[in-house]
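The values are calculated or read from the model by the stated rules, or taken from the named source; none is laboratory data. No experiment lies behind these values; they were computed from the predicted model shown. Backbone-built Cβ (ideal geometry, glycine too); neighbour counts: all protein chains shown.
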Amino acid sequence: MKIAPALIVAVILSSGAAAAQETKPVPKDSVRVFIPGCTKGYIFTAGHRTEDEPGSVNIPEGMHLRMNAPKKLMTEIKAHEGAMIEISGLMKKGQLRPDGVSIGGGVRVSPGPASAGGIGGNPGVSQSMIDVEGWRPIAGDCPSH
């Protein structure tokens, strides 16, 4: 008779763990991505993909993403600056195709804004963003710049 209560407790605990691991649904205009790379502050730089760490989308090496995450999660990620990590999160579908032409080594050449009367910034240029849901450490070191 003692086996039945233990079995009930085990089933309740395992169902609670499964519910805690469920992920949020992906909005129609977004995609869930897994990207290896390195962080510095709130900026994530996509790293080199390997066969054992391929990621989930074709984000070019060297692409910078602005991370948006809860404070606790950002604190955890910032504690691992200088080490390779893989982040998972949601990105808008339109951000997955960076403008310009890749010339290798993580460098892209893209057209600049047309400005009349001199050099100036373009407030219309947007930074690619990712709503970070989680992260995990992976093998490798980040390049020091």
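Considering every residue within segment 114-130, establish whether at least one is under 15 Å from ARG32 (Cα atoms), outside any loop (DSSP other than H, G, I, E, B) and modelled with pLDDT of 90 or more. Give the derivation first.
First, the residues of segment 114-130 that are under 15 Å from ARG32 (Cα atoms): 128-130.
Then drop every residue that is not outside any loop (DSSP other than H, G, I, E, B), which leaves 129-130.
Then drop every residue that is not modelled with pLDDT of 90 or more, which leaves 129-130.
Yes: one or more hits.
Criterion first (among the hydrophobic types (A, V, I, L, M, F, W, C), modelled with pLDDT of 80 or more and touching an Asp or Glu at 6+ places or on another chain (Cβ under 6 Å)) does ILE138 satisfy it?
Working: among the hydrophobic types (A, V, I, L, M, F, W, C): yes; modelled with pLDDT of 80 or more: yes; touching an Asp or Glu at 6+ places or on another chain (Cβ under 6 Å): yes.
Here the answer is yes, as ILE138 does meet what is asked.
Would you mind telling me which numbered condition in (1) at pLDDT 90 or above; (2) part of a helix (DSSP H, G or I) ALA19 fails?
Just one mismatch for ALA19, condition (1).
Which one of these is modelled with pLDDT under 95, in contact with a helix residue (DSSP H, G or I) (Cβ under 9 Å, 6 or more places away or on another chain) and not acidic (Asp, Glu): VAL33, VAL26?
Working: VAL26 fails: in contact with a helix residue (DSSP H, G or I) (Cβ under 9 Å, 6 or more places away or on another chain).
Only one candidate qualifies: VAL33.
Of all residues in segment 132-145, count the ones that are charged (D, E, K, R) and surrounded by 15 or more Cβ atoms within 10 Å (Cβ to Cβ).
Keep residues of segment 132-145 that are charged (D, E, K, R), which gives 133, 136, 141.
Checking which are surrounded by 15 or more Cβ atoms within 10 Å (Cβ to Cβ) leaves us with 133.
Of the residues in segment 132-145, 1 are charged (D, E, K, R) and surrounded by 15 or more Cβ atoms within 10 Å (Cβ to Cβ).
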